[in-house]
Amino acid sequence: MPQTQCGLCGHRDGCLPYAKSMIEGEAANKCIPGGQPVADALAQLLNRPHLKAEQSIWPIQSDGRPQRMKAIIREDECIGCTKCISACPVDAIIGSGKLMHTVLTDLCTGCELCIPPCPVDCIDLVEDREPLPTIAERNNEQQQLRQRYYAHIQREEQRSIHRKGPIVRAEIDTDLFSQFSHWLEEVPSIARVEQAVKTVASVDAKTTIELAKLRTQIKKLEKQLNIRADQQKQTQLEQLQLRLNQILEV
Ligand code: SF4
Ligand code: SF4
Ligand code: SF4
């Protein structure tokens, strides 16, 4: 797979989920940047009939794949919101809060994922005029892109926990990538420890909600008992206070 992680195959999280889905039976002609060469190679690999590749909006190059594109930021219009950094699956954009951002052109795959989040619409796509890569260069590029995507997932996971900067894409299915990263030596290993941290965070959120509910119920019962004694409500109040104390002592 091209490893641009663009999601144009319909798999939001990129090439790995599409590969998994193909093994489970999905058609193998949906990788748009890969074009006909990738659709044919997959059909051969999976021993399936050759299908016409899904069409790209870009013209077809001499290697049978759609035109390679690059993103360019109109830097004087950039407001430094950092949204494009979080959106770029291969970390091809550099910049910092309230400072101008720029695309590292060599790393950009033209996946377009940085364009929709930009609030001032200052990212353009231009044709990549560089000579087409050889097979060896393409393999090397794909390897690099895969590594960068795993590093990106790892970083975005951390950010989603610590809430540093905007996160503009839906949460990635980290479990799948974590599993895969342990089988491949060449990609950064995605540690499940972050999932554990997230679980703690979600327990905390649940606890906060439970505490709020308990306090409301306690106040309501206390008011009612101030007006009229009621043994059943008194017992209920004591149970709620017990539960509240248990949570607060944890
Ligand atoms: S490069 Fe192809 S397989 Fe990978 S996400 Fe894009 S469309 Fe899907
Ligand atoms: S800079 Fe934009 S177009 Fe280029 S790889 Fe990153 S998200 Fe894709
Ligand atoms: S999303 Fe647009 S405005 Fe925000 S940092 Fe990126 S290029 Fe600049």
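The values are calculated or read from the model by the stated rules, or taken from the named source; none is laboratory data. The model shown is predicted, which means the values in this text are computed figures rather than measured ones. Note that each Cβ is placed from the backbone with ideal geometry, even for glycine, and that neighbours are counted across all protein chains shown.
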(message) Which residue is modelled with the lowest pLDDT, if the candidates are limited to the range 175-193 and must be part of a helix (DSSP H, G or I) and surrounded by 14 or more Cβ atoms within 10 Å (Cβ to Cβ)?
(response) Ser181
(request) Scan the range 122-148 for residues that are more than 21 Å from the chain's Cα centre (by Cα) and more than 12 Å from Gln3 (Cα to Cα) and report the count. (result) 15
(message) Whether any residue in the range 57-73 is away from ligand 1 (no atom under 15 Å from the Cβ), in a loop (DSSP other than H, G, I, E, B) and surrounded by 20 or more Cβ atoms within 10 Å (Cβ to Cβ) is what I want to check.
(response) no
(request) Identify the residue in the range 16-37 that is in contact with a Gly (Cβ under 9 Å, 6 or more places away or on another chain) and closer than 22 Å to Thr134 by Cβ and, among all such residues, is nearest to ligand 2 (Cβ to nearest atom). (result) Pro33
(message) Between Ala53, Ala87, which is modelled with pLDDT of 95 or more, out of contact with any strand residue (DSSP E or B) (no Cβ under 8 Å at 6 or more places or on another chain) and of a type in the set (Gly, Ala, Ser)?
(response) Ala53
(message) So, in the range 8-22, exactly how many residues are near ligand 1 (Cβ under 8 Å from one of its atoms), part of a helix (DSSP H, G or I) and of a type in the set (A, V, I, L, M)?
(response) 1
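Results for (1) within 16 Å of ligand 1 (Cβ to nearest atom); (2) assigned by TED's automatic domain parsing to the domain that holds Gly80, shown as yes or no for each residue.
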| site | (1), (2) |
| --- | --- |
| Cys108 | yes, yes |
| Pro119 | no, yes |
| Leu132 | no, no |
| Leu145 | yes, no |
| Arg148 | yes, no |
| His152 | yes, no |
(request) Output the residues belonging to the range 74-100 that are part of a loop (DSSP other than H, G, I, E, B), aliphatic (A, V, I, L, M) and within 9 Å of ligand 3 (Cβ to nearest atom). (result) Ile79, Leu99, Met100
(request) Specify the residue that is nearest to Arg159 (Cα to Cα); the eligible residues are those in the range 76-90 that are in contact with a Leu (Cβ under 8 Å, 6 or more places away or on another chain) and surrounded by 19 or more Cβ atoms within 10 Å (Cβ to Cβ). (result) Ala87
(message) Looking at (1) in contact with a Phe, Trp or Tyr (Cβ under 6 Å, 6 or more places away or on another chain); (2) modelled with pLDDT under 80; (3) aliphatic (A, V, I, L, M), which one does Ile153 not meet, given that it meets all the others?
(response) (2)
(request) Identify, from the list Glu54, Glu112, the residue that is assigned to a loop (DSSP other than H, G, I, E, B) and within 16 Å of ligand 3 (Cβ to nearest atom). (result) Glu112
